[in-house]
Every structure is written in structure tokens, then in C-alpha cells.
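Here is the structure we will look at.
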Amino acid sequence: MNRIKIPVGPQHPALKEPANFQLVLEGEKIYEASVRLGYNHRGIEKACEQRSYIQDIYLVERVCGICSHSHSTAFVQAVEEIAGLQIPPRAAYIRTLIGELERIHSHLLWLGVAGHEVGFDTLLMYTWRDREIVMDLLAELTGNRVNYGINTIGGVRRDVSPEQLADISKGIDALEERTKYYIQVATEEATLIARLSKVGFLSHTDALKLGAVGPTARACGVDRDMRRDDPYAAYADLDFKVIVDNHSDVYGRTLVRAGELMQTYGMVRQLVKKMPAGEITVRAPRKIPAGEAFSRYEAPRGEDVHYVQANGSEKPERVKIRAPTLANLSAVSKMLEDNYLADAPIVIAAIDPCFSCTDRALAIKDAQKGAHGAMEWGNLREYGIEWHRQRGIDFSDLNKRFAKLMEKN
Amino acid sequence: MKEEEISSQLAAQFPFLAGQVRIQRARRLWVEVSSDNFMDVLTCLAGKMGFSILCTITGLDAGDSFAFIYHLSREDGTVLNLKTKILKTGGQWKSIGKLFPGGIFYEREIADLLGVKFEDLPPGARYPLPDNWPQGQYPLRKDWQALSGSAPEKREAP
């Protein structure tokens, strides 16, 4: 049979973020797949070297829009290790609390996306509605729905009040009720089971060999979780189970994430109950002494690692970030092999890919002028309008007519 | 203590590493080896000693040389950071794709951002810079400035 090569992406309706997959097809089946990434590369690692440690916290937080707290925690943990800082117990608990609430919103988001990719949009509507509960809690605790800005070197920036803790307990009760229902759907709904089973299979051996992480690996029977294996923040004080499944397919990955949600509710309850009193920060020096540290964090998508090298000044010498999606990508090519083309969206979505995380990083380029330089928002907007106008798409007239219409009314 | 056990095990395997292992804290070990001994030490760590997980590879611009840190982990969460250096004029460095197939992306990233050439890196798309990135521009080198160099050539959409 003739083989046909199909490019999917970087801009494609089935992908939520830019990535390019070259799929070699034999009939309807994928014979071979390769990935091209980098469309979201923003130069964050280089930018970190040119900014102070405090500025870098906010920069690395913007590596990802979903697991922002994962990156800022991994970064501050490394800096604190170099500076020899011991954060107060209350700060460790608050960090963990935000981290687990973030996991809830991330896993619920994934469940919705997965539902959408297999044509089960009711699940998308349900989970994303319920996700608002945890988004509201995060907004109440930190002031933001994402990019919480809670971490600082030596602790956290905001305390939690007893009323907020009570709100968390109420929200968690509601979410647990809903998640029980989703688990019932996932384990009893025959069409969903049939749609997800044996799709995107990755053997245990391949998961180990290709270095898969997080729920992707745990659904292949790899019993690994940084929260238990390399405990940080307050995880050593918590009692929880690592969810492992042996289905090794998209169905297994769904069960692992649903199971993890239930564990997370338990963890949040323990954190609320045991929240120690006391300070939330220790004083951190502006200049960090020379040294290096390697920090690991179990992000919703898997192990997130940061390496920081300090040179004694107020700016780091080097910051290296490896987000979980990059570790999972080698496995994606393997998972796609021998699957139907129509399964590609859910197979890719099943690792919960986050290409912004993966690509990270600086130069905004003005190709026409041949110079680099940051663009102001207004300039960028004008540039976009001009770009489209040159290609025959002009809304300025429409905007004027719309303004006139509004005046009349 | 398991960290000290690992340290003495390594020293028993490789006498030149006696007293060279730095234990920074629980579950964090650091060791530097010469580029000639690197492959032997890595193979031993990844095989016999159970450091079978490659978390990532960090590439560093260390003046006249490149430094690489291989962050290796065991199933119990212990991390050994294996560091080595090559001269910038020395040319090529070895790919560890055979031992860790998942490490190829990390090597491509170092190749793109630092300009290190890897032997036996399988053919494939570059990562993460765009295809029309100007040649000889390596953003993570210390002497690289965002304002230097020419803009990428303009290409029409296919």
C-alpha cells in the first residue's frame, strides 16, 4: 500500500497549542510519527540570566498557564537550597495547598479536553463548570485564577485566613461529589470505555525506555511520583496513595487522573486540618551565594525539574527548565504508531501536552525592520491589523460602521 | 545512609572518584568526571547502580569549555548529577541516545541553543529554534546578545 505523509499542525483544529506532527499513513493507520516543536519558544532561560531572582520567579511562573505554580515552586526550591534557607512550616503547607488546588483545576481541565476530543462534549461542559469551583477558590486565596504569585524566596507572599480554609473545605466536598460521578461515568459508560481502550498503547518497557513521566507513565504501571519519592514542601507530612494503573492506554490515563483527583481531595483536607501557625516567610538575601541546586516537582503533567546555578550576584548564572511534556514527547510518537489517524487528537491530548511549558523561552523579532526588540502591546496590535490589511482583511470600515450604529442607539 | 553508600560504591568501581562525590543534601549527589571517563561512569551508573532515569541534561557555557550535567535518578528518588566538560574547540560530544532514547530531545536542545555538535545523533527536526534561525547564533552562550545578529530571512508561506 502506498504511504502518505500528512502534516498535522503547527496550526490545526485538533491541537490546542502549536506543534507539528508528521504522520506517515498506511491507509487509515499511522505507520510512523515524528514531532517538530519549538513554536512557543520564548527564550525564558536566557531572559532569567538577565533578571534578578525575584523577577525570575514571576518569569518562570509564566512558563505555563496551567501549571504555573509548579514552575515557580521548583525554581524557588532550588534557590532556597543554594541560599541555605529553611522555609517556615506554614509556608510549606500553603505552597502545597496551592499546588494541590492547581492539580485539581488541571486534571478537571484535562478531563474536559479528553471528553471533547472523543466527541463527548457533555463531559467537557460538566467538568469545566465544576472546575470553576476550584478556580474561584484559587482566586480567593491568591487573587488570580492562574499565575498565582504566591511564592517568594524564603516562603509565600499571602497568608490564608480561617474563613478561607472553611471555604476550601466546602469547595472540596462539592468537587469530591462530582468527581465520584465522573469516576462512575469512566468505569461504567460503555461507549467511553470502548472509545478509549487500546487507543494510544504504550508498553511498560517503552514508558521506562522513553522516559515518560507523570500520569502518562503511571498509567503504564510505572510507580513513580516525586511527592512520595523525593518529598518537598509539606508532602512528607501527608498521607496519600500513588495511583498506578496497568491499562497502558488512554483509558488508563483517564483512570489515573480521576484517581489522583480523589487522592488530592484527601490531601487538601489534611492540609487544611493540620495547617501550622506561625510566620510565612524567612528573610532571604538579595544576592544568592555561589552554588547550584537541582529541584524536582510533581506537576499535574509529571515530573518538572529545574536546575539553578548561582554566581554570588543578584542574578542567576543559569536556569534550566525541563517541563514534563518534553519528557513525554518521545513516547507520543510511539503511542501514535499503529493507531488510526482519527485517534491522533485524543492520543496527543492524553499526555495533557503543554507546549508553552516545553518550549519556554526571548527575542521578539521584527523581521521587516531586521532588528530585535520588545514590542509594546499597542504596537503589536497595530502590526497585526496592518499585517491583515495587506492581505485584504480590513475591519476598520466595519468598526466605524459599528461605532456609528452604537451612537444612533 | 544511602548517599554515602552510593559514594563508596562509586569509589570502589572507579578509584579516581574516591572523595570526589559531593553530598549536598539527602537524595542529592554531585560528581564531576573527565570527558574520557564519562561514558564508563554513565554506563555503570545507569546499569548496575540503578540510576536508570534521565531527568534531563543541562548544558552550560563555562568560558572556553562546555559543561554538561546529566541529572540521573534512581527509583527511590535519589538524584546523582554527573558533570563533565569538553573544550569548545574540541568539536564533538557523544550522544547518549543508545542508553536513554528519551534523551535525544535534550541533546537537540543543547545542540540548538549552545552550538554543541553531537556524534551519532539520529536525523530529525531541530529543536527548539525555527528552521530559518540564522546560522552560528547560539542564544544560551554567554557572549550572545539578543540585539546582535541578523533577522531570519523572510519566507513566503508554502
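Translational diffusion of segment A:44-357, estimated by Stokes-Einstein from the Kirkwood radius over alpha carbon pairs at 20 °C in a medium of 1.002 mPa s, is 108 µm² per second. Working note: Karplus 6.51/-1.76/1.60 with θ = phi - 60° gives segment A:147-164 the couplings 6, 6, x, 8, 7, 9, 6, x, x, 10, 9, 10, 8, 10, 8, x, 5, 5 Hz, where Gly and Pro are set to x. The distance linking segment A:117-137 with segment A:41-71 is 28 Å (Cα centroid to Cα centroid, whole angstrom). Largest accessible area first, the listed residues A:ARG257, A:ARG195 line up as A:ARG195, A:ARG257 when surface is computed with a 1.4 Å probe on the assembled protein chains. The residues of segment A:1-123 have, on average, 35 Å² of accessible surface per residue, using a 1.4 Å probe with all protein chains present. Annotated for segment B:1-143: lysine pairs at least 8 residues apart or interchain, Cα distance under 20 Å, count 15. Per-residue Karplus couplings for segment A:265-274, computed as 6.51 cos²θ - 1.76 cosθ + 1.60 with θ equal to phi - 60°, are listed in order as 4, x, 5, 4, 4, 4, 5, 5, 5, 9 Hz, Gly and Pro entered as x. Peptide B:27-37 has a mean of 1 when you count, residue by residue, the C-beta atoms of other protein chains within 10 Å of its C-beta. Mean projected area of the Cα convex hull of the protein assembly as shown, taken over all directions, amounts to 29.6 nm². Considering only beta bridges that DSSP places wholly inside chain B, some 75 percent are antiparallel.
Shape class for segment B:70-122, computed from the alpha carbon gyration tensor (a ≥ b ≥ c): prolate, with a/c not under 1.5 and a/b above b/c. Computed from phi, the 3J(HN,Hα) profile of segment A:203-212 under the Karplus parametrisation 6.51, -1.76, 1.60 (θ = phi - 60°) reads 6, 4, 4, 5, 4, 5, 5, 8, x, 5 Hz, with x in place of Gly and Pro. Based on DSSP H segments of at least four residues, each scored -39500 (n - 2.57), chain B has a per-residue ellipticity at 222 nm of -7000 deg cm²/dmol. Using heavy atoms of the protein chains and a probe of 1.4 Å, the accessible area assigned to A:LYS287 is about 110 Å². Once the partner protein chains are put back, segment B:73-115 shows a loss of at least 50 square angstrom of accessible area, versus the chain by itself, at B:GLU75, B:PRO101, B:PHE105, B:TYR106, B:GLU109 (probe 1.4 Å, ligands and nucleic acids excluded).
Where a ≥ b ≥ c are the square roots of the eigenvalues of the C-alpha gyration tensor, would you call chain B rounded, which needs a/c under 1.5, or, failing that, prolate if a/b is larger than b/c, or oblate? Prolate is the answer for chain B, as a/c is 1.5 or above and a/b outweighs b/c. Calculated mean residue ellipticity, 222 nm, chain A: -16000 deg cm²/dmol, from DSSP H runs (n ≥ 4) at -39500 (n - 2.57) each, averaged per residue and rounded to 500.
The values are calculated or read from the model by the stated rules, or taken from the named source; none is laboratory data. Nothing here was measured: the structure is a model prediction, and the numbers come from that model. As a convention, Cβ positions derive from the backbone with ideal geometry for all residues, glycine included, and neighbour counts pool all protein chains shown. What goes into the accessible areas is simple: the full protein's heavy atoms, side chains included, and nothing from ligands, DNA or RNA. Shrake-Rupley method; radii C 1.70, N 1.55, O 1.52, S 1.80 Å.
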